[in-house]
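Visitor: One structure, as structure tokens, below. Some questions next.
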Amino acid sequence: MTKGIKYAAISASFILVGAGASAVAAGAAVPSDSAKSTASAKTSARAMSDSDFAKAAAEGGAAEIKLGQLAEDKGSNQTVKDFGKRMVADHTQADQKLATAASKDNLSTTIPAELNAKDQATYDRLFKLSGSAFDRAYARDMVRDHVNDVAAFRHESNNGKDADIRSFASSTLPTLESHLKQAREMLHTVSPTANSSTKS
């Protein structure tokens, strides 16, 4: 679906890794070594506690909302604008689910309200881009992030110890899988020669 404050004040959601955490430069390619990328995502997922997972989901979601708004505004391709709009809508809806799960388990003081430094840097980098350069960079970030998201949420849904957080991960996973599929399609649309075949 990470890097305290009262939970009600946050823009929490379900993407595990904020877009900036795995952002790539505008000209960078999506990793072609899918096995290596997936293994790395799964290793990171195994190292997280339920609290860490919730914190990461909240931070990543906040980043996806802000970047989604940026994509709606700066995207030159309608596919990018539409994807950004979906990110805002889906992550905003998931805010309530994660907030409810976290509040039941006294996780509210560990979940951040603002973007971390990496996500803010990603936002600032994308903000400076325009046209097709923005579209390609945003699409690449979204594919790579969602590969990690799916792996982490799948791990939490199967292995989480906290029932509420595990349930949140399970119910959100199908949406993330849909996001990943759409992100790959978006990347193919804006950069047909890019490798968007990274598997989760």
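The values are calculated or read from the model by the stated rules, or taken from the named source; none is laboratory data. Being a predicted model, the structure only gives us computed values, none of them experimental. Neighbour counts run over all protein chains shown; Cβ positions are idealised from the backbone, glycine included.
Visitor: For the condition of a type in the set (Phe, Trp, Tyr) and closer than 18 Å to Ala183 by Cβ, what is the one hit in Phe83, Phe127? Give the derivation first.
Guide: Working: Phe127 fails: closer than 18 Å to Ala183 by Cβ.
Matching residue, one of Phe83, Phe127: Phe83.
A quick yes/no check of all residues on (1) assigned to a helix (DSSP H, G or I); (2) crowded, with 20+ Cβ neighbours inside 10 Å; (3) hydroxyl-bearing (Ser, Thr, Tyr); (4) modelled with pLDDT under 80:
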position: Thr2; (1), (2), (3), (4): no, yes, yes, yes
position: Ala21; (1), (2), (3), (4): yes, yes, no, yes
position: Ala45; (1), (2), (3), (4): yes, yes, no, yes
position: Ala54; (1), (2), (3), (4): yes, yes, no, no
position: Asp82; (1), (2), (3), (4): yes, no, no, no
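Visitor: Take Ala151 and decide whether it is buried (at least 18 other Cβ atoms within 10 Å of the Cβ), within 18 Å of Gly61 (Cα to Cα), at pLDDT 90 or above and in contact with a Leu (Cβ under 7 Å, 6 or more places away or on another chain). Give the derivation first.
Guide: Working: buried (at least 18 other Cβ atoms within 10 Å of the Cβ): yes; within 18 Å of Gly61 (Cα to Cα): yes; at pLDDT 90 or above: yes; in contact with a Leu (Cβ under 7 Å, 6 or more places away or on another chain): no.
So Ala151 fails the test.
Visitor: Of these, Ser157, Ser200, which one is touching a Leu at 6+ places or on another chain (Cβ under 7 Å) and modelled with pLDDT under 90?
Guide: Numbers: Ser157 fails: modelled with pLDDT under 90.
From the options Ser157, Ser200, the qualifying one is Ser200.
Visitor: So, one more: Which residues, counting only those in segment 126-164, are under 17 Å from the mean Cα position of the chain (by Cα) and of a type in the set (Phe, Trp, Tyr)?
Guide: Of everything in segment 126-164, those that are under 17 Å from the mean Cα position of the chain (by Cα) and of a type in the set (Phe, Trp, Tyr) turn out to be Tyr138, Phe153.
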